[in-house]
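Here the structure comes first, spelled out in structure tokens, and everything after it is commentary.
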């Protein structure tokens, strides 16, 4: 069937390429031109209205496409809509008296084109996912009709070398001329009033046929092919080869391809290097031990892009499975698509290789003699897991340009926010261009819509230059229908080249073994799947220097459940625990400090086992768990006490030994806090959370009681600016969130960019959130107290009290913190219960509070917060690490250093926060600060001028 390119929400319970239902139909008139009004009638009794969910509404829709007279230009009807939400213009009329569905239209108008040679259509429910669609139906247009009676149109016939092949066809409306071409050359011509017959004899090479049938000004082309069984040669594969492309390190004219295709009889390699007409010289050999197919290509030209596909043949296929599948390499690192590439502008992907004309489906790009990327940072040291503040980004919606260059250009935005990691939503080759990326089809290939491979590497390199780790969101629970490993073993009853896995498929289940089915479900107990996953992990760690993976939908990694058993899916499953540990182990074998993050959102039993896994090793491992806390934090921000318990923001609350909970108040999956604030916020008549600036004023407090909780944390992009557009905002600017389903809710639509077009950084109400969160993130990432133990008092109240203590620190250090926040809509007296009396410091502005009574209440206005520490935050002062304003020489330091400005006072701190040395000078720019008595290590210099303004710079004592 003609597929729509879908952007799929990661929890969408859908199998896109499902079994088809055969419906009966008629078209009146039976012969028509494209300017003739026609009526399609569907027999209602042939539609499974109950399973399609239309028994009450009879809402049946036409999904259609058209071909030109040469059968070379195919396009969808503009009336289709999307696969999950058909347009009302495509709806049938239900006729209750006859139990039929009818639709009348004029093809040239309905398809907005002339010169139509054929139309194709199917019928479907408004949301056609699952089984809610019919078979494909193809109808000829025009009074002149021609039919290929043998073989079937678009078929591939497998023959022995030297065999004969019969071709027959019929036509209507009088005499027609026939021209038969094979591999582009004419081999027979004939004129007939009723039909055609020809036998091609002694065929020894593969043949691509075109039967060109002409009557007057109308030409109809029928295509089909023959593939000769080459009698596969059994030969040992050279050692050291892996699946996919193996480049020859010493000879750029050679490359060896390896394909693992069990149960297949033979494979050809077709490509630009053989004009897409492979002879027996391009039949792959078969290794007698592994059973893998392999072929060494020779005569390649260094630096030249080649494209290729595998022709994978099963001479005795299962029913409804194709004898031959033309597919790109499963291990492709760059693919070209006939569906998506035209929508990628040269500004995003300059000099993109051209998709080869005359081919179908994705093709793999092979290029010898490639120059490796010149990495500027080769020894990046990742931030500690406990100090991570991750910024989740969908490249498509970060900036109107929608590419990696946008993120590179705005690196200062990330630096000034002080985050230390960026998490990219999936950028692996996905279906379509407008996508969240979870509908992955090639896991080792970079999708081209956001930019080139080198541009992504440049982004990663720039991030590393600025101390920012890069984490990649990976969807390895599933793959979508263009995936070669789906297509090589598929049910394809309508013969369109797409389908769902058969029982022979060594990678995929025929039905999902969990209740969150998305696309086609990987069988992670299969050794072949495990090998594939590990190759994917290796590619992104070694080729792109990715610092960590966020594993999407880990609940789906079990084989123990069914698609209807939610209790099983959410229960502890030993196979799921074990396989995900195995994948984490493999990641750590390549990079011992690699971040492994699971989006499990399940029971604490499994999550604790992963979080505590190998944490006692050096370096400490442990799997970080996504911790969804959106609802309780949104209740706080809106001003409602019910369901506002934030205690599970801590790792200890879930039984984790180490701080491995990556808690968050917002993510790509959840509604924006600010949207709900202004839609549903509390009010008392005077104070109204629904007022935009009032709602914004509460978001700094949200940062205080979320970001500063010990352990890794995450921000969803533009939460730091109070993004108040709903995640259900549609392309046309409306909001559609009332359906309660994925279909039609606009969640996946490309979002507007008000944060840039309206200059939110210049809006004092929004900028305050950004700057306050930046200060908090600096506190979290550099002050050791925030590695301590949190205690939440009133965690289920709108008056929040969080205490953090790091007992490993000395009393002279910042070791105790009290965070107070008032989320009521009236002023409140909060009892701080300080750990002890004395002077406490507001860590956000360095003002002091003399505490004589630890229980003396502090009055906070609605939405107000305080962050108190027992000492000043010497490591996290306002101008922390703006080292470009002053310089220190030499660095590293042996005995002394000088500063580039005349400082009146200089203090030196150990990285743990202790003051270790101080100087008072006469503001002499040449003053030498002696440090020969300091031990080797990293230190912070806090330099004051005569106006008592301070700047900070680091140095290394050698």
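Overview of results
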| quantity | calculated |
| --- | --- |
| Simple label model, 7 Å out from Cα along Cβ direction - residue 305 to residue 319, nm | 4.4 |
| Average Cα contact separation per residue, region 512-622, under 8 Å, 6 or more apart, as relative contact order % | 30 |
| Computed over region 752-810, Kirkwood Rh from alpha-carbon pairs, angstrom | 14.2 |
| Extended-chain gain in nm, criterion 0.36 nm per residue less alpha-carbon gap, residue 48 and residue 24 | 7.5 nm |
| Calculated on alpha-carbon atoms, Rg and Dmax of region 243-357 in Å | 15.5, 48 |
| Hydrodynamic radius (Kirkwood) for region 486-578, which is based on Cα pairs only, to one decimal in Å | 14.6 |
| For region 259-340: relative contact order, % (alpha-carbon pairs under 8 angstrom, 6 or more apart) | 31 |
| Potential extension, residue 236-residue 143 segment - 0.36 nm per residue separation minus Cα distance | 27.7 nm |
| The chain: calculated mean residue ellipticity at 222 nm from DSSP helix runs of at least 4, using -39500 (n - 2.57) | -3500 deg cm²/dmol |
| Two-site FRET efficiency, residue 106 against residue 346, from Cβ-Cβ distance with R₀ of 35 Å, rounded to 0.05 | 0.40 |
| Evaluated at q = 0.22, 0.24, 0.25 Å⁻¹: base-10 log I(q)/I(0), Debye formula over Cα of region 332-388 | -0.95, -1.05, -1.11 |
| By average C-beta atoms within 10 angstrom, highest first, the peptides 260-268, 703-711 | 703-711, 260-268 |
| Area projected by the alpha carbon convex hull of region 37-121, averaged over all directions, nm² | 5.9 |
| Projected area averaged over orientations for region 696-778, convex hull of C-alpha atoms, nm² | 6.7 |
| Kirkwood hydrodynamic radius of region 290-434, from inverse mean 1/r over distinct Cα pairs, in Å | 19.3 |
| Estimated FRET transfer efficiency when R0 is 56 angstrom, pair residue 410-residue 205 (beta carbons, to 0.05) | 0.50 |
| Spin-label pair residue 73/residue 833, simplified geometry with 7 Å Cα→Cβ offset, distance in nm | 7.5 |
| Square roots of five times the Cα gyration tensor eigenvalues for region 781-878, Å | 22, 14, 13 |
| The chain, relative contact order in percent, only Cα pairs under 8 angstrom and at least six apart counted | 7 |
| Kirkwood Rh, Cα atoms: Rg over Rh of region 145-233 | 1.01 |
| Kirkwood hydrodynamic radius over Cα pairs of the chain, then Stokes diffusion coefficient at 37 °C and 0.692 mPa s, in µm²/s | 104 |
| Estimated inter-spin distance, residue 927 and residue 39, nm [label 7 Å along Cα→Cβ] | 9.7 |
| Residue 296-residue 377 FRET efficiency (beta carbon distance; Förster radius 41 Å; 0.05 resolution) | 0.65 |
| Volume per residue that the Cα convex hull of region 416-542 spans, once the total is divided by residue count, Å³ | 134 |
| Gain on full stretching of the segment that runs from residue 154 to residue 194 - 0.36 nm per residue minus C-alpha separation | 12.2 nm |
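Read-outs throughout are calculated quantities, based only on the coordinates presented, and are distinct from any laboratory measurement. Just so it is clear, the model here is predicted, and its values are computed rather than measured. Here the Cβ is made from the backbone with ideal geometry for all residues, glycine too, and neighbour counts use every protein chain on show.
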